[in-house]
Structure formats: C-alpha cells, structure tokens
Amino acid sequence: GDSVTQMEGPVTLSEEAFLTINCTYTATGYPSLFWYVQYPGEGLQLLLKATKADDKGSNKGFEATYRKETTSFHLEKGSVQVSDSAVYFCALRFPMNRDDKIIFGKGTRLHILP
Amino acid sequence: NAGVTQTPKFRILKIGQSMTLQCTQDMNHNYMYWYRQDPGMGLKLIYYSVGAGITDKGEVPNGYNVSRSTTEDFPLRLELAAPSQTSVYFCASSSGTVHEQYFGPGTRLTVT
C-alpha cells in the first residue's frame, strides 16, 4: 500500500550545521508531498509542500524537492538554529483523494545544540 | 480567528470511565479528523468526517465514537477507557481544496 518512510531520529546537530532529513514514499500514482513540523507541546503545522514532480517547496529556510525518479522528498536547511528543534513529519496525499486524507511518516525528532 | 481548538488540554481517567474530547474549528472546513499520537510514534487516524452528518472509520477506531452534527464541531467519545488509550489526541480540519490540514493543540490523556 501507499506509505511514507523517513529517517529515524533523533537527529542532533550543532547550531549553523547543514540539515538533511530523508523521506521516501511508495505510491501507485502521483501524490502531493508535504513536510509538517511539530514544536514542543503544539499540534502539527504545515512547513512546505510540493504538488508535482520537480517542484521545490520552501519556507523558513527549509527546502524539499519532489523527485519522482527516486520517489523522494528530502528536507534540507543550510544553517539550522536552536529554534528549529522539533519533530518533522513527511506526508503524502493523492489528488483524487475524496476524503482529503493524508498519510504521515513516523516523524523525525531534531535537536539543535547551541 | 482561533483555527482549531480542543478541550481539555489534559485529562486523567480511571479505567472504565468515559469522556468526550471536544474539537471546534471556525474556518468553515468540511473535512475534520481525529488522530492519536503515541510516544515516539507518528499519527494514527481514528475517525474522520467529510461533512456534517457524515463520519467514517480510520485506522484505529475501536474504543471510540464520533458525531458531526454541525460543520464546526467534531467531538470524540471514549467509552470504557483503557490504558491502551493513553495518548495525545489531535483534531485537524481541511477545506478539501487547498489540502493543508490545520491541527489543534492536542489533548494529553492518561488512563490509569
């Protein structure tokens, strides 16, 4: 079935380091892809999205490119800050999904050390 | 604009007790969802609704019930609480066109 696989955490980095969180998906069609972020004690919020192959989503210095050939949507940031410490979820949705359901990965916890 | 609100924020239940988790959204979204998030795990869909009067089961519906009498409200009912229902519960909504889901702040439930 359709699924999302993302790298296990926790990921611990020093401030200003380069970040990559890997995400791959399995799907029979052409889904829309998302990254959601969950800050401590809060609900999830959309970080960025891409709706078709080769699209790049970006927000708050984070980027991810929809790669159909490798079925991937890796999250990157050039210089992380302590405030980026959170749990990051990769997710997908199918365009013809009548009930608007989203399939979430298990999440990757990110710790940024000052 | 409050978005998605959930009450209560925290609750401790004894085994066998019942309670209702409240969820309200003020964005006029047709689609609403209930998820649970266990420690260190991702989200699992419990129930969802595509509009007032329509509900459907997600991955893990056992032990829960929902109703959707209005567009704004989507309460989740726990009957006969069990320790396995200890979790953080999130309500979310979406318009069905933009496809972004908006989440509430969550309810942390402990069953002892």
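The values are calculated or read from the model by the stated rules, or taken from the named source; none is laboratory data. Note that this is a predicted model, so its numbers are computed, not measured. Glycine also receives a Cβ, built like all others from the backbone with ideal geometry; neighbour counts cover every protein chain displayed.
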Exercise. Do we have any residue at all in the stretch A:57-77 that's among the polar types (S, T, N, Q) and in contact with a Pro (Cβ under 7 Å, 6 or more places away or on another chain)?
Worked result: no
For this session: Go through the residues of the stretch B:2-24 one by one and say whether even a single one is closer than 19 Å to A:ILE102 by Cβ, surrounded by fewer than 18 Cβ atoms within 10 Å (Cβ to Cβ) and modelled with pLDDT under 95.
Result: yes
Exercise. For B:MET32, are the conditions met, namely being within 14 Å of chain A (Cβ to nearest Cβ), in contact (Cβ under 8 Å) with a residue 40 or more places away in the chain, hydrophobic (A, V, I, L, M, F, W, C) and not in a strand (DSSP E or B)?
Worked result: no
For this session: Among what's in the stretch B:35-50 and is assigned to a strand (DSSP E or B) and of a type in the set (D, E, K, R), pick the residue that is modelled with the highest pLDDT.
Result: B:ARG36
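Per-residue answers, yes or no, for (1) within 11 Å of chain B (Cβ to nearest Cβ); (2) assigned to a strand (DSSP E or B):
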{"site": "A:PHE34", "(1), (2)": "yes, yes"}
{"site": "A:ASP54", "(1), (2)": "no, no"}
{"site": "A:ALA64", "(1), (2)": "no, yes"}
{"site": "A:VAL80", "(1), (2)": "no, no"}
{"site": "A:SER83", "(1), (2)": "no, no"}
{"site": "A:VAL87", "(1), (2)": "yes, yes"}
{"site": "A:ALA91", "(1), (2)": "yes, yes"}
{"site": "A:LYS106", "(1), (2)": "yes, no"}
{"site": "A:HIS111", "(1), (2)": "no, yes"}
